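Below you'll find the structure, written out as structure tokens, and then a few comments.
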Amino acid sequence: MSVFQRMLNTQALMFIYVVTGIIMAKTKILKHEGRSSFINLLLDITLPCMILNSFNVEIGLDELIAAGEIMIISTVCVIIAWITGKIFWRNQSTERKAVLEFSTLFSNAGNAGLPIVASVFGTQGVFYASFYLLPVRVLIWTVGLSLFVDEKDFKKRMMILLKTPSLLVVFIGIALMFMPFKLPLVLSTAIKNIGDMTGPLSMMIIGAALGESNLREAFDIDAFKLTFVRLVVQPLIFLFIFRSLGVQDILWQVTVTLTAMPAAANTEIIAEMYGKDYKFAARCVVVSTIISLVSVPILTLLF
């Protein structure tokens, strides 16, 4: 089965999960105040388990070298995205510019991207994606926050970063790779099964958020411009660069898939926290999420 067919099947599944989430929100099965508990379950339990499971495999020197390579690729992607954001959004108002630049820099690679990578590229894909996200997670709470705040509270940002479960389990996973033993079968099976919940859960949460949104308000021209840059311009730039450089197929394919994800889900939360245009941020997340269900499979025709 081709990457396009796997991605199409995966996005079809994700669409069903999203619709399920919309139905849950519309019928009040999942209320707004209860959604935060599901988000915590995703971020603190299922996503870390999925990442940890990707490290519970036999890893050779070639895989470790590739992991280092994809961290370099990730850093290069953020630098290019930073330049792209400065070019595209230089004439925007201060409130919108912060949202647009942040959304250009950071995609929903963790919540939405990892489950998709897991479905399309398997455990090996998640392994590489976890290393790709290492620099990204550091930069979100440093470079990313600097777009919203004037003061440089470095210590506070580092504490937030170090308490992120999905970052901590990467280091735990790296330690496990060098241990002379493997996790007991029962424990590794439990971790895998819990991690497998991440895809459906993340998409249902996104669907619930869409179900609560007023889609008429989502038709904001700047949100569509951001979506075009986020889902089309940047992935194509990265595809051209890393494919031309002869980067290993799975590395550039995972990279392009993660960079083709919609605007980061926490964009709205951070914008509201620091007094920026959080309603506009919500529109960017909603529009890019809906369109990504179609754009990502189309993009993989180039794989």
Answer yes if at least one residue in region 72-87 is farther than 30 Å from Ile221 by Cα, in a helix (DSSP H, G or I), in contact with a helix residue (DSSP H, G or I) (Cβ under 7 Å, 6 or more places away or on another chain) and not small (Gly, Ala, Ser), and no otherwise. yes
Select from region 56-95 the residues that are among the aromatic types (Phe, Trp, Tyr) and more than 19 Å from the chain's Cα centre (by Cα) and write down the one among them that is surrounded by the fewest Cβ atoms within 10 Å (Cβ to Cβ). Phe88
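Of everything in region 221-262 that's among the basic types (Lys, Arg) and surrounded by fewer than 24 Cβ atoms within 10 Å (Cβ to Cβ), which residue is nearest to Arg283 (Cα to Cα)? Lay out the reasoning, then the answer.
We begin by selecting, within region 221-262, every residue among the basic types (Lys, Arg); these are 225, 230, 243.
The next check asks that each one be surrounded by fewer than 24 Cβ atoms within 10 Å (Cβ to Cβ); those that pass are 225, 243.
Working: Lys225: 12, Arg243: 32 Å.
My answer is Lys225.
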Among Leu201, Leu210, which is the only one that is part of a helix (DSSP H, G or I), buried (at least 17 other Cβ atoms within 10 Å of the Cβ) and in contact with a Phe, Trp or Tyr (Cβ under 9 Å, 6 or more places away or on another chain)? Leu201
Residue under evaluation Lys276, criteria (1) assigned to a helix (DSSP H, G or I); (2) modelled with pLDDT under 80; (3) buried (at least 18 other Cβ atoms within 10 Å of the Cβ), criterion not met: (1)
Number of the exception - Leu251 against (1) farther than 18 Å from Val120 by Cβ; (2) touching a helix residue (DSSP H, G or I) at 6+ places or on another chain (Cβ under 8 Å): (1)
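Can you tell me which of Val99, Val76 is β-branched (Val, Ile, Thr) and within 18 Å of Pro135 (Cα to Cα)? Before the answer, list the steps.
Details: Val99 fails: within 18 Å of Pro135 (Cα to Cα).
Just a single option satisfies the conditions, and that option is Val76.
Let's see how each residue does on (1) of a type in the set (A, V, I, L, M, F, W, C); (2) farther than 20 Å from Ile72 by Cβ; (3) modelled with pLDDT of 90 or more:
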site: Val138; (1), (2), (3): yes, no, no
site: Leu187; (1), (2), (3): yes, yes, yes
site: Ser213; (1), (2), (3): no, yes, no
site: Thr227; (1), (2), (3): no, yes, yes
site: Ile237; (1), (2), (3): yes, no, yes
The correct count of residues that are charged (D, E, K, R) and farther than 28 Å from Ile241 by Cβ in region 40-75 is 2
Taking the criterion of being over 16 Å from the mean Cα position of the chain (by Cα) and surrounded by fewer than 24 Cβ atoms within 10 Å (Cβ to Cβ), would at least one residue in region 98-105 satisfy it? no
Within region 6-39, the residues that are assigned to a helix (DSSP H, G or I), more than 15 Å from Leu293 (Cβ to Cβ) and at pLDDT 85 or above are Ile23, Met24, Ala25, Lys26, Ser37, Phe38
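The values are calculated or read from the model by the stated rules, or taken from the named source; none is laboratory data. The model shown is predicted, which means the values in this text are computed figures rather than measured ones. Glycine gets a Cβ as well: all are built from the backbone with ideal geometry, and neighbour counts include every protein chain shown.
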